[in-house]
Each structure stands twice: as C-alpha cells, then as structure tokens.
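Below: one structure, written as structure tokens.
The values are calculated or read from the model by the stated rules, or taken from the named source; none is laboratory data. These numbers come from a predicted model, not from an experiment. Positions of Cβ are backbone-derived with ideal geometry, glycine not excepted, and every protein chain shown enters the neighbour counts. These area figures cover heavy atoms from the full protein model, side chains too; ligands, DNA and RNA do not enter into them. Shrake-Rupley method; radii C 1.70, N 1.55, O 1.52, S 1.80 Å.
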Amino acid sequence: MSMLPLAFFTMFFVQPLAAFDSNWYDASATFYGDMNGGDTMQGACGYGDLFQQGYGLETTALSTALFNNGLSCGACFEIRCVNDPQWCIKEVNSITVTATNLCPPNYIDGSWCNPPHQHFDLSMKMFTTIAIYQAGIIPVQYRRVPCNKIGGVRFELRGNPYFLMVLVYNVGNAGDVYRLDVKGSNTGWIEMTHNWGQFWHTGVNLVGQELSFWINTSDGKALMFISVAPSNWQFGQTYQSSLNF
C-alpha cells in the first residue's frame, strides 16, 4: 500500500443532509456468519477482507430501507437491545457498528429485510454482545454516530484504462461517500458515477496521470485529496491519503 503525503487539501461545506441525529429509532436485529466473521466478508458494499480494511467484526448488513442503494455503506450506527428482558444483556448499553453489507429482501417468503422494515443483520460477535444467542431476533433502537477511523481515507483502483473503478473506504466521521470526483494531473475535475456499494467509475482514461479525489459525505462535508496516486499507479493497488474527515 502506498503512503503518500498530500500536497494540498481544502475542506468546505455543501448542502447538509443531516447524517447524525441524537434521537433513537426503532428497528430489529438478527445475525449472520460465525463468531470469527465467516460469511461477513466481501458483500454488497464492495469491501473485501474487513480485517485488513479496518472494519473487523464490528459490522452489520442493512435492510433495503437503510441501505440506500449502497450509499449508506461505511456509515456507523449505535445500536442497543430494548424491550426484551429475556434476551437483552443488561450489562451492555450499546454497540457501534459499520455498515458493510446488504441484508437482501425476500419478496416471496417475506423477510425482516424487506421494505419498509428498518433492520440490522449484525455479525454474530456484535449480536451476542447485546443479546443472548438463542434470541434469534431482537427489538433494537439505533442512531447514526460518527465513525472513528485510524489513518487516512483509502482508494482501491480497479478496472481497465477505459473503465476506472474506485472503491473508497476507511472514511471517518460520516463514513459514507455521497459523491466522488477524480482529477488527473492533465485534466479538470471529473464527476464519477456511482456503480455499486462504494464503488465509483469513470470512462475517462487517466492512466499515466497522478490522481486526486474529491469526496462529499452525507453530513455536508467535503475534502480534496491531492496527488493520492502517483503517475505510475496500477490497477489492483490501494493508495492511502494522509487525511481523513
């Protein structure tokens, strides 16, 4: 992984989208995978090895109503078990998890993850932190909270010269990405198209140029990451900035 200093950055506000709210909202929660995070890797956000990428076991899949077509990927939620004294673990107030996957709807048989349900499919480790394993499903309350991340925002480059895809992760504060622009050393700013999860793409050939990125997050903040990837960047590589939100 390349660790490159930023030559320049700027931060400013765009129209705020109220990412954080001190109010608690009702939802439900289940779990998937095993205690070691099996079956929670990869997924609909585009992340890969969640341990290597800094998310670990403190993760959740979101129901369709919360997933927002992948734009909620990377957002952090505080969750607490409520109104179920048989199954809630009283000694634990709450957990904080990052959205890294989609809990897919099942329109044939019905599902807790079908719209309009607000539902969290937690990693098994996180579920059993707030509730007894045998509960299966529990009532919870949740709220959006800032994400605390170590190190700078990371950009993974994939695709080919005519279809550059960028996965953005390890985003602090709001955690999510609502808009991504890219700039080559020989171009102006180019707005990228949301592809899936936290993958963004452009058809502009930027091979051989230094790459800079401009991220907008759902709390109305934006940061420019200048010259994150050097002119000899390669597909399949990840480049880390020295900045975060």
Quiz prompt | Pairs where the first residue, in segment 184-206, is under 17 Å from Leu71 (Cα atoms) and the second is of a type in the set (D, E, K, R) and open to solvent by less than 30 Å² (accessible area, probe 1.4 Å), C-beta under 6 Å, 6+ apart | solution = Glu191/Asp181
Quiz prompt | Check on Ser72, of a type in the set (S, T, N, Q), at pLDDT below 90 and touching a strand residue (DSSP E or B) at 6+ places or on another chain (Cβ under 9 Å) | solution = no
Quiz prompt | Filtered residues of segment 134-183 (kept if open to solvent by 10 Å² or more (accessible area, probe 1.4 Å), of a type in the set (A, V, I, L, M) and either in a loop (DSSP other than H, G, I, E, B) or without any contact (Cβ under 8 Å) to a residue 24 or more places away in the chain (or both)) | solution = Ile137, Ile150
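Select, from Ser218, Ser231, Ser227, the only residue that is assigned to a strand (DSSP E or B) and polar (S, T, N, Q). Show your work before the answer.
On the way: Ser218 fails: assigned to a strand (DSSP E or B); Ser231 fails: assigned to a strand (DSSP E or B).
Going through Ser218, Ser231, Ser227 in turn, just one is assigned to a strand (DSSP E or B) and polar (S, T, N, Q): Ser227.
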Quiz item: If Leu6 passes every condition in (1) modelled with pLDDT of 90 or more; (2) in contact with a strand residue (DSSP E or B) (Cβ under 7 Å, 6 or more places away or on another chain) but one, which one does it miss?
Solution: (1)
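For segment 104-127, what are the residues that are closer than 17 Å to Asp26 by Cβ, assigned to a loop (DSSP other than H, G, I, E, B) and of a type in the set (A, V, I, L, M, F, W, C)? If you could, list the steps in order and put the result at the bottom.
Of segment 104-127, the ones closer than 17 Å to Asp26 by Cβ are 112-122.
With the extra rule that they be assigned to a loop (DSSP other than H, G, I, E, B), the set shrinks to 112-118.
Listed by number, the residues that qualify are Trp112, Cys113.
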Self-check item: Output for segment 189-215, where each listed residue is part of a strand (DSSP E or B) and of a type in the set (Gly, Ala, Ser)
Solution: Ser212
Practice problem: Collect the residues in segment 47-61 that are out of contact with any helix residue (DSSP H, G or I) (no Cβ under 8 Å at 6 or more places or on another chain) and not acidic (Asp, Glu), keeping them in residue-number order. | Solution: Tyr47, Gly48, Leu50, Phe51, Gln52, Gln53, Gly54, Tyr55, Gly56, Ala61
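Before we move on, is Glu58 among the charged types (D, E, K, R), open to solvent by less than 80 Å² (accessible area, probe 1.4 Å), farther than 26 Å from Leu211 by Cβ and modelled with pLDDT of 90 or more?
Details: among the charged types (D, E, K, R): yes; open to solvent by less than 80 Å² (accessible area, probe 1.4 Å): no; farther than 26 Å from Leu211 by Cβ: yes; modelled with pLDDT of 90 or more: yes.
Considered against the rule, which asks whether it is among the charged types (D, E, K, R), open to solvent by less than 80 Å² (accessible area, probe 1.4 Å), farther than 26 Å from Leu211 by Cβ and modelled with pLDDT of 90 or more, Glu58 comes out as no.
Among Asn83, Asn69, Asn93, which is the only one that is open to solvent by 50 Å² or more (accessible area, probe 1.4 Å) and under 19 Å from Thr217 (Cα atoms)?
Details: Asn83 fails: under 19 Å from Thr217 (Cα atoms); Asn93 fails: under 19 Å from Thr217 (Cα atoms).
Selected residue: Asn69, the only one of Asn83, Asn69, Asn93 that is open to solvent by 50 Å² or more (accessible area, probe 1.4 Å) and under 19 Å from Thr217 (Cα atoms).
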